[in-house]
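Read through the structure below, which is laid out as structure tokens, and then see the notes.
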Amino acid sequence: RKHGPAVVRHKRLKLLYATQASIEPPTFVLFVNDPTIVHFSYRRYLERAIRAALDFEGTAIQLTFRSRVETEEGDRP
């Protein structure tokens, strides 16, 4: 069963992309529209989903949520 993020303060969390930043311990950086609205239960759900999908059972993983850095129009190629 798939879970979507909860709506907090009339804002829905949007997961833009994720990357693995470190190996020991496995650390993932998830870029979202607003990191302040990530609910602890959704964070726990994502940790469990990553553990199951990437065979990290029994391994402590770290998740860091960041907002996407806005670029100026001149910065794009």
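What follows draws every value from the coordinates through simple rules; no lab data is involved. What you see is a predicted model, and the numbers here were worked out from it, not measured in a lab. Cβ: placed from backbone, ideal geometry, glycine included. Neighbour counts: every protein chain shown.
What are the residues in region 1-58 that are in contact with a Ser or Thr (Cβ under 8 Å, 6 or more places away or on another chain) and hydroxyl-bearing (Ser, Thr, Tyr), if any?
Thr27
Those residues that are aromatic (Phe, Trp, Tyr), assigned to a strand (DSSP E or B) and touching a residue at least 24 places away in the same chain (Cβ under 8 Å), I need them from region 17-69; list them, please. Please lay out each step first, then the result.
Filtering region 17-69 for residues aromatic (Phe, Trp, Tyr) gives 17, 28, 31, 40, 42, 45, 56, 65.
With the extra rule that they be assigned to a strand (DSSP E or B), the set shrinks to 17, 28, 31, 65.
Passing the criteria: Phe28, Phe31, Phe65.
Could you tell me how many of the residues in region 24-45 are surrounded by 13 or more Cβ atoms within 10 Å (Cβ to Cβ) and in contact with a strand residue (DSSP E or B) (Cβ under 8 Å, 6 or more places away or on another chain)?
The initial filter retains those residues of region 24-45 that are surrounded by 13 or more Cβ atoms within 10 Å (Cβ to Cβ), namely 26-35, 37-39, 42-43, 45.
Still in the running and in contact with a strand residue (DSSP E or B) (Cβ under 8 Å, 6 or more places away or on another chain): 26-35, 37-39, 43.
Total satisfying the criteria: 14.
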